[in-house]
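Step one of this worksheet: look at the structure below.
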Amino acid sequence: MTEGMAETMRVLRPAPQIRAFYDGRIAGRRLHGPQDNWLDDGGYTLGTCSYALVDRGDALVYDTHMSLDHARAIRDVLEREGVSRIRVVLSHHHLDHIAGNAVFEDCEIWANAATAAEMAANREAAEQADPPISPVVMPSHVFDRDHTLTVGGLKVELKSYDIHSRDGLVLWLPDSRTLLAGDTLEDTVTYVAEPDRLGEHLAELDRMCALKPHFVLPNHGDPEVIAAGGFGIGLIGDTARYVRLLLSCLADPALAALELDALMDQHLKAMEVRYHPAYAPIHRRNVEAVLQTADA
């Protein structure tokens, strides 16, 4: 099934109509190289999952993963299952979510207008990244903020949330109260891409909590939890508590100095998430990014 970069990818089934294509979180292993790069440090070492909703020969792929090899493997699995129609929805514009778009160039690729704009603005940078994404395949179907699709007999609501990045898009399955969260939520902690906008992100997390999901499936998370059906609504609260702690670092040097394991032990003991060591440098980067906003 898998090849090249996707040889360690596994297919999880958190629900009968959901496939989770998970790769990474393998100790001591990198895919692209020892140097700092977006594929390893922003995706593989953290563990990355793309999803597909499958019903009655119809499939909706939520993000095209970290490489063309991963995307080819996803498409192969779906076609072997008898899927005859594939559409793609992009959660946001970051590279580990759009790298496989070219494999689905003959399919409808859906995105909100903010994602389409960010992809267009960052197209040259993506083509020169390490590793490069070339070609960058743009969305074919663009909508404003929210939209509804049907996958077989499944109703799927595409909802925009300004969390992690201003173009965040989640999939909401109202019948099962399942939230496919993209990078709006992460396990162990959120990756702060826009440190000057954490207040907006907190307000949006409150709005997301009003959905009252029973199951939450993030794109970065513990594979055992994902395979067992996902996180609960507590992941939203965990994310909000962590963001508030980051903001508190502006006035509390002792809090800012804590490493992630100590922060979780002292301030986040009730968190639903699990500690993953690859997030320790992410947390340190988050703190430094927030502190820099005070000097801006």
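State all residues of region 223-245 that are open to solvent by less than 50 Å² (accessible area, probe 1.4 Å) and among the charged types (D, E, K, R); if no residue qualifies, say none.
Answer for region 223-245, where residues must be open to solvent by less than 50 Å² (accessible area, probe 1.4 Å) and among the charged types (D, E, K, R): just D238.
Check D183, D162 and return the single one that is within 14 Å of the chain's Cα centre (by Cα), within 30 Å of L260 (Cα to Cα) and crowded, with 23+ Cβ neighbours inside 10 Å. Write out each step before concluding.
Values: D162 fails: crowded, with 23+ Cβ neighbours inside 10 Å.
Only one candidate qualifies: D183.
For region 161-187, name all the residues that are more than 15 Å from L211 (Cβ to Cβ) and of a type in the set (K, R).
Within region 161-187, just R166 meets the criteria.
Anything in region 38-49 that is of a type outside the set (D, E, K, R) and open to solvent by 10 Å² or more (accessible area, probe 1.4 Å)? List them, or say none.
Listed by number, the residues that qualify are W38, G42, T45.
Could you tell me whether any residue of region 74-91 is in contact (Cβ under 8 Å) with a residue 40 or more places away in the chain, in contact with a helix residue (DSSP H, G or I) (Cβ under 7 Å, 6 or more places away or on another chain), surrounded by 24 or more Cβ atoms within 10 Å (Cβ to Cβ) and more than 16 Å from Y22 (Cβ to Cβ)?
The answer is yes, given that some residue of region 74-91 is in contact (Cβ under 8 Å) with a residue 40 or more places away in the chain, in contact with a helix residue (DSSP H, G or I) (Cβ under 7 Å, 6 or more places away or on another chain), surrounded by 24 or more Cβ atoms within 10 Å (Cβ to Cβ) and more than 16 Å from Y22 (Cβ to Cβ).
Look at V61 and say whether it is assigned to a strand (DSSP E or B), within 13 Å of F21 (Cβ to Cβ) and either without any contact (Cβ under 8 Å) to a residue 40 or more places away in the chain or among the aliphatic types (A, V, I, L, M) (or both).
On the way: assigned to a strand (DSSP E or B): yes; within 13 Å of F21 (Cβ to Cβ): yes; either without any contact (Cβ under 8 Å) to a residue 40 or more places away in the chain or among the aliphatic types (A, V, I, L, M) (or both): yes.
Criteria met by V61.
Conditions first: (1) more than 28 Å from R10 (Cα to Cα); (2) at pLDDT 95 or above. Q266 passes all but one, so which condition is the exception?
Checking Q266 against (1) more than 28 Å from R10 (Cα to Cα); (2) at pLDDT 95 or above, the one that fails is (2).
Kindly provide the set of residues from region 191-222 that are within 17 Å of the chain's Cα centre (by Cα), within 21 Å of W38 (Cβ to Cβ) and open to solvent by 10 Å² or more (accessible area, probe 1.4 Å), ordered by number.
Matches in region 191-222: Y191, A193, E194.
The values are calculated or read from the model by the stated rules, or taken from the named source; none is laboratory data. Everything numeric here is computed off the predicted structure, so don't read it as measured data. With ideal geometry, Cβ positions are generated from the backbone for all residues, glycine too; neighbour counts draw on all protein chains shown. Note: accessible area is taken over every heavy atom of the protein model, side chains too, but ligands, DNA and RNA are not part of it. Shrake-Rupley method; radii C 1.70, N 1.55, O 1.52, S 1.80 Å.
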